[in-house]
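Here's the structure we're looking at; comments come further down.
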Amino acid sequence: MTAVALFVLFLPFLLSLFGQSSMAKMLCLVTSILATLLSVEPGGAVLPWFLGALIAGVSVWERIRQRRTAQ
């Protein structure tokens, strides 16, 4: 597996590091590991990767929303 493929598979986890929720970080790490394990089959990593990206996106969006209301 190349470094670029690993970067893409762990992108939801890396994105979740910008959020505040520790639960979202843990869930994104689990989905990224699951996507890596399922990437042996063609298209097997799509669902866990998408779920992790969705969780990370919501986590980052909540951090941005909280910072907007605090100002």
| said: For the chain, which chymotrypsin sites (Phe, Trp or Tyr not before Pro) pass both filters: DSSP loop (anything but H, G, I, E, B) and at most 13 other C-beta atoms within 10 Å? | reply: 18
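What percent do you get for the relative contact order of the stretch 3-70 when only Cα pairs under 8 Å and 6+ apart count? The partial results should precede the final answer.
Details: 81 pairs, mean separation 26.5, N = 68.
Answer for the stretch 3-70 is 39 percent.
Would you mind working out the accessible area per residue for the chain, using a 1.4 Å probe, and quoting it in Å²? Working shown, then result.
Numbers: 4960 Å² over 71 residues.
In whole numbers, the chain has 70 Å² accessible per residue.
What part of the accessible area of the chain, given as a whole %, is carbon or sulfur when the probe is 1.4 angstrom? Let's see the in-between values first.
Details: 3740 of 4960 Å².
Carbon and sulfur together cover 75 percent of it.
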| How big is the chain in terms of Cα radius of gyration and Dmax, in angstroms? | 13.2, 47
| message | Can you give me the angle between helix 46-70 and the longest principal axis of the chain, using Cα atoms only, in degrees from 0 to 90, rounded to the nearest 10? | response | 10 degrees
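The values are calculated or read from the model by the stated rules, or taken from the named source; none is laboratory data. What you see is a predicted model, and the numbers here were worked out from it, not measured in a lab. For neighbour counting, all protein chains shown are included, and Cβ atoms are generated from backbone atoms with ideal geometry for every residue, glycine included. To get the accessible areas, we keep the full protein, side chains included, count just its heavy atoms, and leave off ligands, DNA and RNA. Shrake-Rupley method; radii C 1.70, N 1.55, O 1.52, S 1.80 Å.
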